[in-house]
Amino acid sequence: MTSAHRQQVHVPGERAGGTAQEILSTIPPSQIAAIVRPVAGRMITEIVKEIRASVPAYGQPRDDELTQLLVASVERAVRRLVDGKDTPRTDGRTNEDWFRRIGRMEYYAGRSMDAMQTAVRIGTRVAWRHLWRAGAAAGVPSSTFNTLADALFHYSDELSAAAIAGHSEAQARADGTAERIRQRLVRMILADPPISPQAIADLAADAGWTMPDSVALVAVDQRPGQRPLQASAFGPDVLADADRAEPCLVLGQPERHFSELRRTLRGRLAAVGPLVPIPQAVKSLECAHKALELGRKGVLPSSGVIDCSEHLPTLAIHADEFILKQLTERAFRPFADLTTRQRSRLSETLRAWLDAGGGISDVAARLDVHPQTVRYRMNQITNLLGGTLDNPDERFLLDIALRAVHVRGSDGSDIRL
């Protein structure tokens, strides 16, 4: 084939329509095999050699991984010509999948698509040189050469397009990459069983997060209709996983972030768990979740940011709702036959008496009633409880039960005095 003829088949306007696969399907497989198979090995070797010599990005010495990737890519491209179709290889990827991946890798390596496109052009030129010589030696008709040239140059365009698409995808996702790493770090910190400290430290370095000795976890209420939480709203010192049903944050120094949290989370209910060593982070989050639950019930503040460290007694009392219910029912069983009004009046008096350490005058002052009224009510309570008030353990349980029903409001009517 003359140089003029080769230029003619390269002209885009003269290429056949359709994809490379559709064009190749018009050539008998035996003719493709006769042209490609005898020269495939030499062609691959020379393509790799010329790309490494002509494209600086792929010519770095001792970069075995990049060389292997380049060889694998060329082998896949040549195999596509031999097969005449783009079927997934043993790794499950089609050539389009593979070259999209190469495009992404080029972006992550900090390179533009110039090197890849240059490599594809070189590979196409070298491939055509080998195919022309092999076809001429085999006596392949010129019509087959024309069709093969069209297929080859369509094919190179398709590979370039796939790589460019992968490069563009990686670039489009780049802004979110740091957030995904930080989200993954949150999930590693909360893993149960715990992840090794070194693995967490390594990922923290990748995320640009200075790992503290202790952390406090924040649970954020996400209600229907509320806009999704934006992880980027909290600054570099705060980790966030906004994709949970209840989004959570990781704080290294919670006291520094309270005012910022209240401002950023305005209109939402949130709870900051206790400060704990990183291996116990999941416990801090469990505590924060419990505080959210109690906030929704009205036991703790139902708006704003709840600081669990300020509500530990209430959280302890409500740590196990089943046991709490059993305890309160047992404590107040002697009052079951009283009217609601009587139970309310005596519960108020008993709680004031326990808080005041048994001082009648102090109780009367707290309740704004006459001391004699307090004596009368306490006599009723003593008769109902028997010797319970003389037992420190029983007084302690009564105190817990009274505090529980006090903060429950109407929700605790079934166990209120």
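Please treat every number below as a calculation from the coordinates, not as lab data. Computed from a predicted model, the values in this text were never measured in an experiment. We place every Cβ from the backbone using ideal geometry, glycine too, and count neighbours over all the protein chains shown.
Starting from the Cα of Ala178, step 7 Å toward the Cβ, then list every residue of region 192-207 with an amide N under 11 Å from that point.
Residues passing the 11 Å test: 207.
Please state, as a whole number in µm²/s, the translational diffusion coefficient that the Stokes-Einstein equation yields for region 160-253 at 4 °C and 1.567 mPa s, with Rh defined as the Kirkwood radius across alpha carbon pairs. Mind showing how you got there, number by number?
Working: Rh = 14.7 Å.
Taking Rh from Cα pairs, D becomes 88 µm²/s.
Nearest 500 deg cm²/dmol is fine: what mean residue ellipticity at 222 nm does the chain get from its DSSP H runs of n ≥ 4 alone, each adding -39,500 (n - 2.57), divided by its residue count?
-20000 deg cm²/dmol
Of Arg377, Arg403, how do they rank once you tally other Cβ atoms within 10 Å and put the fewest first? Can you show the working numbers first?
Values: Arg377 21, Arg403 18.
Ascending Cβ contact count within 10 Å gives the list Arg403, Arg377.
Direction-averaged shadow area of the convex hull around the Cα atoms of the chain, nm²?
On the way: hull surface 125.0 nm².
Mean orientational projected area (the chain, Cα hull): 31.2 nm².
Counting C-alpha atoms alone, how compact is region 197-317: give Rg to one decimal and Dmax as a whole number, in angstrom.
That works out to 13.9, 42 Å for Rg and Dmax.
If I stretch the segment between Asp368 and Ser344 completely, what's the gain in nm (0.36 nm per residue apart, minus their alpha carbon distance), one decimal?
Working: separation 24, 0.36 × 24 = 8.64 nm, distance 1.58 nm.
Going from the current span to full extension adds 7.1 nm.
Pairs of alpha-carbon atoms within less than 8 angstrom and 6+ residues apart define the contacts here; what relative contact order does region 197-317 have, in percent?
Numbers: 191 pairs, mean separation 33.5, N = 121.
So the answer I get is 28 percent.
List the extent of the Cα atoms of region 260-334 along each of their three principal axes, largest first, rounded to whole Å.
The principal-axis extents, from largest down, are 50, 31, 16 Å.
Please grab the % of Cα pairs in region 321-415 that end up more than 22 Å from each other.
Values: 1050 of 4465 pairs.
So the pairs more than 22 Å apart make up 24 percent of the total in region 321-415.
How far, in nm, would the chain grow between Glu246 and Ser30 when pulled straight, counting 0.36 nm per residue and subtracting the alpha carbon separation?
71.5 nm
Run the dipole for the chain about the Cα centre, Lys and Arg Cβ at +1, Asp and Glu Cβ at -1, nothing else charged, and hand back the magnitude in debye, nearest 20. Can you show the working numbers first?
Numbers: 52 positive and 50 negative charges, 141 e Å.
Approximately 680 debye in magnitude.
Mind checking which of Ala352, Ala201, Ala77 is farthest towards the positive end of the chain's charge dipole, using Cβ charges of +1 (Lys, Arg) and -1 (Asp, Glu) about the Cα centre?
Towards the positive end, the residue furthest out is Ala77.
Among DSSP bridges having both ends in the chain, what percentage is antiparallel? Round to the nearest 5. Write out the running numbers ahead of the final one.
Numbers: 12 of 16 bridges.
Just about 75 percent of them are antiparallel.
Just name one of Thr144, Ala34, Thr210: the one whose Cα is farthest towards the positive end of the charge dipole of the chain (beta-carbon charges, Lys/Arg +1, Asp/Glu -1).
Toward the positive end, the furthest listed residue is Thr144.
Sort Thr264, Thr339 so that the residue with the fewest other Cβ atoms within 10 Å of its own Cβ comes first and the one with the most comes last.
Numbers: Thr264 19, Thr339 8.
With the fewest neighbours first, Thr264, Thr339 line up as Thr339, Thr264.
Can you sort Lys290, Lys49 by how many other beta carbons sit within 10 Å, fewest first?
On the way: Lys290 21, Lys49 11.
By the 10 Å Cβ count, ascending: Lys49, Lys290.
With the contact rule set at Cα under 8 Å and sequence spacing of 6 or more, what percent relative contact order holds for the chain?
Numbers: 493 pairs, mean separation 48.2, N = 417.
Relative contact order, the chain: 12 percent.
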